[in-house]
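Here the structure comes first, spelled out in structure tokens, and everything after it is commentary.
The values are calculated or read from the model by the stated rules, or taken from the named source; none is laboratory data. Computed from a predicted structure; not experimentally measured. With ideal geometry, Cβ positions are generated from the backbone for all residues, glycine too; neighbour counts draw on all protein chains shown.
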């Protein structure tokens, strides 16, 4: 199973490559391993410090060896598995039998526990909601040491706080969720070039009515009238009559074997990449069958791609801007980025249809933007400026991506939801035994 | 093929049992903890094992139970092609320091890894021969290849086991019993968690794939991960005076 690249001894890092002092213990026996541990982590695909332990308790549990399927009902699609099982493995085993996750993130190298903790969303958020909307039960170890089951009707507050709760409410040991029947293992894709950001937001809303999967890539380097030009991608599962009879071949996964130097993804190369990506779609519209891997997980094709950003790494900034704030708020955010000379290698745009099920779920109705930003000396100032724009619009940020947000910005964004989440933690973990580098930074947990 | 598995719940055994399940083999799991057996059995069901995967309690520390556990497996496979393969991955591991400090642990390790594993293999051998032959695949270790200062005691238990398996293969191959001795090098599992990994350390998945090929071919000895075959070929030939000086 493709795992996490070995790190320098005594440090752990997030996908964005900023590291903390710490270690992890791997175990097949999560019940035993999670006793007294501050945090569980899976494949380490959260970008910032969400999966990193706090300074005062630097030993986290790595769940990836707890990877058994405990039940799968071929008639109903109900799945129960240990939390360290990866989506890669589930897809490998269940897709040939016609089952797929109801919601997938942009990489399959995530664990079930991580999908719950981040309440991940995907290209079908407008239609299917978050992963948490399809979770029916969790088995957890809570802070006082007890191991218990929770579901929407059993310990409902704990259940709701755990969806998107970043692992701060308890160690997730087992996940039960509803898998989805797919008519074929192929995707029918439609894509179209879009001229600017306002048109893009309208195009996403229009496409949502016709397509279960939608997403857009935007060129973050263009300014002025063409700011936010890009390519809209829509998809649906192909019907058996239009799909090839064969199962799609998995592509070989190349691996980026070395760290590229920090200048490799400088402004010039980012501009060149974005220009190329845009004009590669030289036809205004295109339509056809594609492999699900190519559609859902294009970046998985190059393992360890985060090494392209060099030793300083990068940060992914993802926020959601409410529809009420109007289409101009997305334009303002992009202007903050470009006016500061920032360039995002890969910028993704997507509309969200509904509020997530968890107390701290990221999605809410609006437009989400995800920017990949190489870490430079001015990154903190850039993230501050982006956060102020998001605050003005009444939006919020995605904790699974964040590494640079200041506590006061986070508290202001979450002023309405945070008290309820912290109340659940007060009830289950008053002394904050369960915490992470992220919760120390943003929630003010004891180090 | 139909496989009885002692040690399928964890580590390399888990990986090997999964690869067997995914190609549709029949499986019957033996082990100490009933709930662990049950969880692994359901995992293997979900991954495609032929028929529901059965289980029976069997503790390597309790030889009195070996016969009944194996008979339960034989019964389960009756009418479904009969018993074909027995795999043993279970065993006790502890570091040299821990074993030197704790005679009770040492006694248990020696008894489980050698005496009781041999007793289990004898019980399995009898049933395989009764079924007209088959394959007995047992996990020993590269630690038994030479006397080494870092694994004196554990290595001795595995050396004894390897010699037994070699003799067994010579004695019964003509009657259709193929004995496969697996000699894993360092593999990253719960058993080795916390130890410093040497070069050529492997992951359970690729090791299991190699072992499965050896079982299918009836290869008498398999080293895994693959580079350990070359490493051990050198180490087996080192003069004693040199072995005394090496630090591993």
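Okay, here's what the table says:
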read-out: Meets criteria (within 24 Å of residue A:398 (Cα to Cα), part of a loop (DSSP other than H, G, I, E, B) and within 14 Å of another protein chain (Cβ to nearest Cβ)) for residue A:76; value: no
read-out: Options A:71, A:50: the member that is within 13 Å of chain B (Cβ to nearest Cβ) and in contact with a helix residue (DSSP H, G or I) (Cβ under 7 Å, 6 or more places away or on another chain); value: A:71
read-out: Which numbered condition residue A:96 fails, given (1) closer than 29 Å to residue B:44 by Cα; (2) modelled with pLDDT of 95 or more; (3) not in a loop (DSSP other than H, G, I, E, B); value: (2)
read-out: The stretch A:192-203, subset in contact (Cβ under 8 Å) with a residue 40 or more places away in the chain and buried (at least 20 other Cβ atoms within 10 Å of the Cβ), residue farthest from residue A:280 (Cα to Cα); value: A:201
read-out: Test: residue A:341 is on the phi > 0 side of the Ramachandran plot and not in a helix (DSSP H, G or I); value: yes
read-out: Number of the exception - residue A:97 against (1) without any contact (Cβ under 8 Å) to a residue 24 or more places away in the chain; (2) farther than 23 Å from residue A:294 by Cβ; value: (2)
read-out: Residue list for the stretch B:51-66, filter: surrounded by fewer than 17 Cβ atoms within 10 Å (Cβ to Cβ) and closer than 21 Å to residue B:134 by Cα; value: B:51
read-out: Considering residues of the stretch B:177-194 that are farther than 19 Å from residue B:235 by Cα and within 14 Å of another protein chain (Cβ to nearest Cβ) only, the residue modelled with the lowest pLDDT; value: B:194
read-out: Selection from the stretch A:53-68 of residues that are over 17 Å from residue B:48 (Cβ atoms) and within 12 Å of chain B (Cβ to nearest Cβ); value: A:59, A:61, A:62, A:64, A:65, A:66
read-out: Flag if residue A:267 is surrounded by fewer than 17 Cβ atoms within 10 Å (Cβ to Cβ) and farther than 30 Å from residue A:410 by Cβ; value: no
read-out: Tally of residues being part of a loop (DSSP other than H, G, I, E, B) and at pLDDT below 95 across the stretch A:210-239; value: 8
read-out: The stretch B:195-221, residues that are within 14 Å of chain A (Cβ to nearest Cβ) and assigned to a loop (DSSP other than H, G, I, E, B); value: B:195, B:196, B:197, B:198, B:199, B:201, B:203
read-out: Residue in the stretch B:167-186 that is out of contact with any strand residue (DSSP E or B) (no Cβ under 7 Å at 6 or more places or on another chain), within 15 Å of residue B:144 (Cβ to Cβ) and surrounded by fewer than 17 Cβ atoms within 10 Å (Cβ to Cβ) present; value: yes
read-out: Qualifying residue in the stretch A:81-93 (condition: modelled with pLDDT of 95 or more, buried (at least 22 other Cβ atoms within 10 Å of the Cβ), in contact with a helix residue (DSSP H, G or I) (Cβ under 8 Å, 6 or more places away or on another chain) and away from chain B (no Cβ under 14 Å)); value: yes
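Per-residue answers, yes or no, for (1) buried (at least 23 other Cβ atoms within 10 Å of the Cβ); (2) within 18 Å of the chain's Cα centre (by Cα):
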{"site": "A:381", "(1), (2)": "no, no"}
{"site": "A:390", "(1), (2)": "yes, no"}
{"site": "A:403", "(1), (2)": "yes, yes"}
{"site": "A:417", "(1), (2)": "no, no"}
{"site": "A:423", "(1), (2)": "no, no"}
{"site": "A:426", "(1), (2)": "no, no"}
